[in-house]
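These notes are about the structure you will find just below.
Since every read-out is calculated from the coordinates, none of them should be taken as a lab result. Note that the structure is predicted; figures quoted are calculated from it, not measured. Quick reminder, even Gly has a Cβ in these numbers, built from the backbone with ideal geometry, and neighbours come from all protein chains shown.
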Amino acid sequence: MSICPDHWIRKMSLEHGMIEPFTDAQVRSNKEGSLISYGLSSYGYDLRVADEFKVFTNVFNTVVDPKQFDDRSFVDMKTDVCIVPPNSFALARSVEYFRIPRNVLTICVGKSTYARCGIIVNVTPFEPEWEGHVTLEISNTTPLPAKIYANEGLAQVIFFESKEMCETSYADRAGKYMKQRGITVPRA
């Protein structure tokens, strides 16, 4: 496996729709001011978080159970700035829709700007032939409320290309998160 450089990511996105919408350079500001950067980088792509969030709450005293997920575990929000409570957690989704080639695996890690504020972003690898919006797991590890800015960078995707095709892809297995749109909660 080898890491994929910017020209490979650009070609796969423009010619094969691997990332839509695709931003061909790092965007760091707009007419309103500075942004947490997003777009194509040297060896990856900084995805943006959309303006849809599911912030976990204990209002209904539910238990978080990955086999029987209770929608009362969170509050749905549509906002430009999401406040994640202290020592709490939120789900969000990427603005971008991804289509991963059969010979590619990705790893997605949080951006340093958020990490330095105690915000941890966890995303599982995008497997070969998976496609969809990325469900983003955001943890606020601090004792203070934390801001997450919609439509700005949240995490970086790093692409690894294999010289060989995998025997069984995510699409072949009919994975349960295939072609997910919006924020997708756990499915048993």
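Would you tally the net charge around E137, using a Cβ to Cβ cut-off of less than 13 Å, leaving E137 out, and scoring K and R as +1, D and E as -1? Spell out each step's value before the answer.
On the way: positive: K54, R93; negative: none.
Surrounding charge for E137 is +2.
If you stretched the chain out fully between T168 and V59, how much longer would it get, using 0.36 nm times the residue separation minus the C-alpha to C-alpha distance?
Working: separation 109, 0.36 × 109 = 39.24 nm, distance 4.26 nm.
Roughly 35.0 nm would be gained on extension.
Work out how much length D70 to N87 would gain on full extension: take 0.36 nm times their residue separation and subtract the Cα-Cα distance, in nm to one decimal.
The D70-N87 span can extend by a further 4.1 nm.
Pop out the ³J(HN,Hα) list for the stretch 2-19 in order, Karplus 6.51 cos²θ - 1.76 cosθ + 1.60 with θ = phi - 60°, rounded to Hz; leave Gly and Pro as x.
9, 6, 9, x, 4, 5, 5, 4, 4, 4, 5, 7, 6, 8, 10, x, 5, 10
Treating the beta-carbon of each Lys and Arg as +1 and of each Asp and Glu as -1, no other charges, what is the dipole magnitude of the chain about its Cα centre, to the nearest 20 debye?
The calculation lands at about 220 debye.
So what's the back-of-envelope 222 nm ellipticity for the chain, counting only DSSP H runs of four-plus at -39500 (n - 2.57) apiece and dividing by all residues, rounded to 500?
Helix contribution divided over all residues of the chain: -2000 deg cm²/dmol.
Counting Lys and Arg as +1 and Asp and Glu as -1, what is the net charge of the other residues whose Cβ lies under 15 Å from the Cβ of M12?
-4
Any idea how many Lys pairs in the chain come in under 29 angstrom at the alpha carbon, given 8 or more places apart or on separate chains?
29
Just the Cα atoms of the stretch 1-131: what Rg and Dmax do they give in Å?
16.8, 49
Which one of N30, T135, T106 has its Cα pushed farthest toward the positive end of the charge dipole of the stretch 16-153, where Lys and Arg give +1 and Asp and Glu give -1 at the Cβ?
N30
May I ask which residue of P85, V95, Y43 lies farthest towards the positive end of the charge dipole of the stretch 1-122, with charges of +1 (Lys, Arg) and -1 (Asp, Glu) on Cβ and the Cα centre as origin?
About the Cα centre, the residue reaching furthest to the positive side is Y43.
How high is the relative contact order of the stretch 46-188, in percent, counting Cα pairs under 8 Å that sit 6 or more residues apart? All intermediate terms of the calculation are to be shown ahead of the outcome.
Numbers: 339 pairs, mean separation 47.3, N = 143.
After rounding, I find 33 percent.
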